[in-house]
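Remarks on the structure that follows.
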Amino acid sequence: MALQLALLESLPQTKYLSETSFQYYRPIMRLFYLEHQKMHYQLDRDMILGMMHQESAFLDYTAEQLDLDLNQLVRWKSLTAIQDPHRHYTIADFRNRRFQYMLTPEAVEIERLTITLENLSTRTAGLSTNGFRRIRQALDAATRLDQMSSSEIFSWWQDLESDFDRLNQNHQDYLREFYDPNTGRRMRAVEFISYKQRLVRYLEEFIQQLQSSSAQIEAQLEAFTPEQVRDILEKVHRSQMDVPVPPSEDTPDRERLLRERAENLWKSLTEWFIGRTSSSRQVLEVTNEVIRQVVQNAALLVQMQGLGVSNKAELNHLLKVFASCQDIQEAHRLSSLVFGAQRVRHFMVNADRGTDQMDSSPYEEPPLVYELKPNVRTYRPRMEKTGFADRSEEKARQRQRILEEAMEQEKLVMTYVKDGVLDFGAIAEPVPPEVRSVFLGWIGLANLSPDGRGHTQYGQSFRLKRKSRGTCRLRCTDGVLTMPDVVLVFDGKGGKRHG
C-alpha cells in the first residue's frame, strides 16, 4: 500500500526539464551539478550570473531573471536556499538579503540521470566475456563464505551483483543495435562488406566463450543445494544489515526489501544460466541469427557489385561478336545460341518408359511430364480455380438407384415374415449377408428397449419373443450363424407398412 501511495505523488524536482523556460532552468542546474562535482556545494546569485555570462547565449540574462528562476527552482525543491548569516544593519540590506543555493539530493540524482541519457548514443556497448570469468570466480568463493568477515561478504555480493547487471545490460545494448531500422540500412550499404568479417569473428568468439562459460556456471549453480543457497543468502543479508545507513534510509521495510532483493538476484542468476529456456540460450540464438543476417547481407552486396560488372563486360563482348558476323544467317545462329536454351539440365526420374529398347532415341519416345516441387517447408501447392459443374441429373439418377435398391431389399427382407412372425429357426433357404445385418439390427433394437419392442426402417412395429432357452442355426450364404432361439412378432399383418 505504501508503494501505491508513493506512485500517486508527483515529482516536482523534475519539472525544470520540461517547463516552458527549460532553456534557462537546465543550464542553471547543470552549473550547480558541475560545481557540486568539484566539492563546491553552495553558490550565490552573483557567482551563478557570472558563470552564465561566460556563455554567449546568456549575455543578456539579467539578475532579475536569475532571481525569478532561482526562486522557482527552490519551490520545485530542486534547490535549497540558505540565507546569508551576516547581520543586517540597514533596511536596504534586509531587503537585498543574500542567499546561498545548493542542490537537493534528488536534484543531484536527476542531473546524473540526464547526463547518462545524453551520452547513451556515444556509449560503447560490447560483448565482453570478462563477466563470465568474474561470475565463475564469485561462485567459487561462495563455498568459502564461512572464512570471510561480514564486510568481505558484503563486498563479494556487491561485485557479483554488479558483474551480473553489467553482463545482462551489455549484451542487450549491443544486440539491440542490430534490430534498429538505421542499422538495417547500414548493413545494406557497400561499406558494410569490409566490416562484416571483423564483426562475424567477434560474434563467433563471444559464442564460443558463452557456450563454455554458461555450461561451467550452470554446473556450479546446480551443485548448490537449497540449504546451501539459503545459508548464502542469510549470510549476505546479515552483512547488509551490518552496514550503517543514515536514519532517513533506515525504514521499517528495509530488512524485508534487502532480503527480497538478494533472493531475486539469485533467482535471476539461476534463470539466466539454467534450463532450456534460459537467457543464455536465448542470447546464443539471437547472436546466431545476427551472424546469419550479417553474412546474408554481405553476400547479397557482393553479388550486386559483381552483377553490374559482369553484365557490362558480357554485353560489350556480345556486341563485338555480333558486329563480326559475316551475314544475317550467322547472326541468326549466334542469336539462337545467346538468347535460346543456354544451359541444358538433365533429369533422371524413376518412371516407366514406353519401350525397353536401350538404343532407342529420346525423340522416338513420347515425352514424360514430371512435376518439380521446391524442397522447402514453406512450399504450398497452387490451388487451381475451377467452376462448379452441374451434377443435378447425376445426383437424381443416383438417388433413384438408391431408392430402388432399398425397395428391392425391403421386398427381400419381408419375404421371410410369415403371418406376422419372423422365426429365425424356421428359415430354410440361405440368407444373404445384407439381410442378416437387417435382422441382427432389429434384434439389437428390441434388446435395448425395456419392453422388448422396436420399429423397422420400413415403419413396422414388432416385439422380441424368446421361443425357447436353446439356440437356433441361421443358414447364410457365407456360413451358419448360431444365435438364441427367438422370434419377432409384428403388429398387424407384419408384411405391410404402417401409416
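Since every read-out is calculated from the coordinates, none of them should be taken as a lab result. In this text the structure is predicted, and so the values were computed from the model without any measurement. All Cβ positions, glycine included, derive from the backbone under ideal geometry; neighbour counts span all protein chains shown.
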Given a Förster radius of 56 Å and the C-beta distance between Ala81 and Asp231 as r, what FRET efficiency does 1/(1 + (r/R0)^6) yield to the nearest 0.05?
0.60
On full extension of the chain, what length is gained from Thr143 through Asp478, given 0.36 nm per residue of separation minus the C-alpha to C-alpha distance?
112.3 nm
Summing +1 for each Lys or Arg and -1 for each Asp or Glu, what net charge is found among the other residues whose Cβ lies under 14 Å from the Cβ of Arg254?
-2
Protection-proxy order for peptides 349-358, 24-33, 474-483, 458-467, each taking the mean of Cβ atoms within 10 Å per residue, highest first
24-33, 458-467, 474-483, 349-358
What is the distance, in nm, between label points placed 7 Å from the Cα along the Cα-to-Cβ direction at Tyr370 and at Leu403?
5.3
For Lys467, which sequence-distant residues (separation of 5 or more, or a different chain) have an amide H within less than 5 Å of its own amide H, given hydrogens modelled in the peptide plane?
Val486, Val487
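By average Cβ neighbour count within 10 Å, what is the ranking of 427-433, 245-251 from highest down?
427-433, 245-251
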Would region 402-490 count as rounded, prolate or oblate if I go by the C-alpha gyration tensor, calling it rounded below 1.5 in a/c and otherwise prolate when a/b exceeds b/c, oblate otherwise?
oblate
Taking 7 Å along the Cα-to-C-beta vector as the label spot, tell me the Asp491-Arg377 distance in nanometres, rounded to one decimal.
6.4
